[in-house]
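Notes follow once the structure below has been shown.
No value in this document is a laboratory result; all are computed from the given coordinates. In this text, all values refer to a predicted model and were calculated from it rather than measured experimentally. Note that each Cβ is placed from the backbone with ideal geometry, even for glycine, and that neighbours are counted across all protein chains shown.
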Amino acid sequence: MTVLYQRVAFIGLGLIASSMAHALRRGGLASECVGTARSAETRDIARDIAIVDRVYDTAADAVKGADLVVLCVPVGAMEDVAREIAPHLQPGATVTDVGSVKQAVIDAVAPHMPEGVHFIPGHPLAGTEHSGPRSGFAELFDNRWCILTPSEGCDADALARLEQLWRGMGANVDLMDAPHHDLVLAVTSHTPHLIAYTMVGVADDLRRVTDSEVIKYSAAGFRDFTRIAASDPTMWRDVFLTNKEATLEILGRFTEELFALQRAIRQGDGALLHDYFTRTRAIRRSIIDAGQDTDAPDFGRVRQ
């Protein structure tokens with residue numbers, strides 16, 4: 001595989017950054033990877049397990065000499081980071097990010113980018129409920145999608161090189177405008193996470209009445225809700241605050257559907273329920289056919 005960037009700098013060293021570092025190393029896509037993190041503990045762990053070639057104490061130092069800078073911080077921290085690194089970016093460098101919301105990131109970062117620096121927002125649709133520098137692995141992006149939301153007039157060569165990088169890390173790449181991305185993700189990720197957080201919260205309230213039976217007898221449905229609800233709370237707080245309009249729109253539609261199902265249950269309308277569940281089951285099959293999940297028993301879990 002061809003080396004695409006001489007020095008890649010990661011601002012933030014959690015799951016996505018560490019997985020990218022592993023994938024870059026696997027594919028020989030960068031000559032050097034460096035990084036930094038806000039907390040000294042994270043930086044120490046990163047040094048200890050050698051995720052990157054060098055760990056810096058500040059974002060300003062980390063980006064010096066980098067031809068690719070990847071912002072891997074919560075959406076709410078993007079503007080402060082962009083302001084800090086802007087004076088230290090080298091001309092011709094590309095800056096990208098991995099945030100789950102795109103318009104808010106563009107609004108926060110783009111005004112601080114110097115002339116001659118290419119800002120190309122991105123979002124790899126991959127992850128686990130785990131976080132931190134020890135959680136990364138090279139295969140995280142294999143056959144997953146990475147969405148890039150370049151601005152009008154984006155440098156074609158810089159965009160092509162970033163696309164090639166993501167494909168070299170195993171991902172499929174698609175291009176979207178930022179508002180459309182935010183609406184799509186409100187359907188496929190943001191609202192489902194909010195529903196999972198809500199259901200686990202309801203169960204926690206019920207557990208106080210049932211002497212922990214909710215935990216003891218958790219079947220697959222609730223167990224899978226808890227996996228989603230175990231995701232990074234800071235990241236998801238920022239997602240909902242910065243993708244407010246799209247999330248509320250989809251949440252409104254969800255509420256209407258929920259009321260319709262509630263009415264069908266109350267009225268004993270088995271035909272409506274059966275037709276609805278048949279339609280949603282077909283969506284699950286489409287996801288499997290697209291290679292975005294497995295039909296292995298128990299969702300492919302390894303039994304202990």
Mind sorting S100, S131 by how few other Cβ atoms lie within 10 Å of their own Cβ, fewest first?
-> S131, S100
Among I11, I195, I215, which comes first, second and so on when ranked by fewest other beta-carbon atoms within 10 Å?
-> I215, I195, I11
Distance in nm between pseudo-label sites at D107 and E152 (7 Å out along the Cβ direction from Cα) = 1.9 nm
Distance-filtered residues of segment 26-68 - backbone nitrogen under 16 Å, label point 7 angstrom along V3 Cα→Cβ | 26-34, 53-54, 65-68
May I ask you to derive the FRET efficiency for E245 and E32 from their Cβ-Cβ distance with R0 = 41 Å, giving the value to the nearest 0.05?
-> 0.50
Separation of segment 82-153 and segment 51-75 by C-alpha centroid, Å?
-> 12 Å
Over the chain, calculate the relative contact order: mean separation of alpha carbon pairs under 8 Å at least 6 apart, over the residue count, as a percent.
-> 16 percent
Could you work out the longest stretch of the chain that avoids the trypsin sites (Lys or Arg not before Pro) located in DSSP loops with at most 10 other Cβ atoms within 10 Å?
-> 1-300
In terms of Cα to Cα distance under 28 Å, which lysines are near enough to K244, apart from those fewer than 8 places away along the same chain?
-> K102
Length released on extending from L272 to L175, taking residue separation times 0.36 nm less the Cα-Cα span | 31.2 nm
Compute the FRET efficiency between D48 and F222 as 1/(1 + (r/R0)^6), taking r as their Cβ-Cβ distance and R0 = 25 Å, and round to the nearest 0.05.
-> 0.10
For Rg/Rh (Cα atoms, Kirkwood Rh), the listed values are (1) 1.03; (2) 0.97; (3) 1.01; which was obtained by calculation from the structure presented?
-> (3)
With springs only between Cα atoms under 10 Å apart, run a GNM on the chain and tell me which of L248, L261, L15 wobbles the most.
-> L261
May I ask you to derive the FRET efficiency for D142 and R279 from their Cβ-Cβ distance with R0 = 35 Å, giving the value to the nearest 0.05?
-> 0.70
